[in-house]
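> Quick one: structure below, then a few questions.
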Amino acid sequence: MNKKSKFLFSSEEMVILTSKFKIMSEESRITILQTLHNAEKSVSEIVEETGFLQANVSKQLKLLSSGGIVTFRTVGKQHLYKIADDQILKICKAICSTKE
């Protein structure tokens with residue numbers, strides 16, 4: 001007999017979800033994502049827009065990139081970062097609009 005799972009997410013999906021939510025749980029990472037919402041940017045452009053230190057921006061971008069939340073391409077000596085999937089911002093907005 002094939003029983004339907006009582007859970008919405010598989011164990012593999014749970015690992016993905018918890019990993020992504022963990023990465024997204026830092027305010028500076030959300031701020032960085034906001035700077036990328038409409039265009040790809042270099043680290044120096046993100047530093048200028050956020051006022052964060054370059055070392056912190058680079059560290060946060062590395063975490064966001066390793067989690068598949070942002071991607072980058074190399075142009076000359078610069079990495080240009082962009083959001084990997086715009087759905088992530090829609091998810092953030094949906095979370096913010098829920099009633100407590």
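> Would you kindly state how much longer the chain becomes between residue 98 and residue 25 on full extension, computed as 0.36 nm times their sequence separation minus their alpha carbon distance, in nm to one decimal? If you can, show how the numbers build up before the last one.
Working: separation 73, 0.36 × 73 = 26.28 nm, distance 1.71 nm.
Result for the pair: 24.6 nm of gain on full extension.
> Output the 0 to 90 degree angle, nearest 10, between the alpha-carbon long axis of helix 54-66 and the longest principal axis computed from the alpha carbons of the chain.
Roughly 30 degrees, rounded to the nearest 10.
> Here's something else I'd like to know. How many percent of Cα pairs in the chain exceed 25 Å?
Distances greater than 25 Å cover 28 percent of the Cα pairs.
> Nearest 10 degrees, 0 to 90: what angle lies between the long axis of helix 11-23 and the longest principal axis of the chain (Cα atoms)?
Roughly 30 degrees between the two axes.
> Using +1 on the beta carbon of Lys and Arg, -1 on that of Asp and Glu, and nothing else charged, what's the dipole of the range 27-97 about the Cα centre, debye to 20? Mind dumping the intermediate values first?
Values: 9 positive and 7 negative charges, 40 e Å.
Computed charge dipole of the range 27-97: roughly 200 debye.
> Now for a different question. Using just the helices of the chain, give the 222 nm mean residue ellipticity in deg cm²/dmol: DSSP H runs with n ≥ 4 each add -39,500 (n - 2.57), and the total is spread over all residues, rounded to 500.
Numbers: 5 runs with 54 residues, N = 100.
Taking each H run of at least 4 residues, the total per residue is -16500 deg cm²/dmol.
Bear in mind these aren't lab numbers, they're just calculated from the coordinates by the rules spelled out. Note that this is a predicted model, so its numbers are computed, not measured. Here Cβ is always computed from backbone atoms with ideal geometry, including for glycine, and neighbour counts include all displayed protein chains.
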